[in-house]
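Engineer: The structure that follows is given in the form of structure tokens.
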Amino acid sequence: MKKILLLAAIIFPLVAFAAEEIVGYLGVSTENLSEAMEIALGVEHGVLVERVSDDSPAEKVDIEVGDVILEIDGNKINNYGVLKDVIHERPNKSVDIVLYHQKKKITKKVTLGEREKTKFAFKLDIPDVEELKEIWSRSREDIKEQIEKLREEIEELKKELEEIKIKIK
């Protein structure tokens, strides 16, 4: 029960006060290029288009499955994360997309769409108070043991140092 109350206390403000954000939308599913794919295609970076959504900005300008997105408005697309960031920053904007299409580079002007960004998604595993007490208690005991071991090692080092001093004299 304590976990549920704590979780509710944390999540309620996030949900109640979360701002909805509009982000850009191209309408493609992509895959990061492996090194082998880059070599085979003769490109240094990009993401492979795996699917084009119906009636999406990508479909409207004939971006096809198998195309490789290389750049958007001069931004090199190295992976899906970069692609997503560049697109999300430009809702309803016209952008130049450089593609590797049928063994040649082409540029297409695309007007991105817009959509609501997913607010958040997370998974919490919050220990209850008794579990926290146990963890803290174990941690303190572990620290005490480590300190005691360090003391013992220091004492041994002091003895060795005294022996070395005696041998040197």
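Engineer: Test residue 78 against the stated conditions and say whether it is outside any helix (DSSP H, G or I) and within 16 Å of the chain's Cα centre (by Cα).
Structural biologist: Yes: the conditions hold for residue 78.
Engineer: OK, next. Could you check the stretch 86-133 and list, in sequence order, the residues that are surrounded by 11 or more Cβ atoms within 10 Å (Cβ to Cβ), among the acidic types (Asp, Glu) and at pLDDT below 80?
Structural biologist: 128, 131
Engineer: Do any residues in the stretch 36-53 that are touching a residue at least 40 places away in the same chain (Cβ under 8 Å) and closer than 26 Å to residue 25 by Cβ have Cβ atoms under 7 Å from those of residues that are of a type in the set (A, V, I, L, M) and assigned to a loop (DSSP other than H, G, I, E, B), where the two are at least six apart or on different chains, and which pairs are they?
Structural biologist: 46/33; 46/77
The values are calculated or read from the model by the stated rules, or taken from the named source; none is laboratory data. Since the structure is predicted, the reported quantities are computational estimates derived from the model, not experimental observations. Note that we place each Cβ from the backbone using ideal geometry, even for glycine, and neighbour counts take in every protein chain shown.
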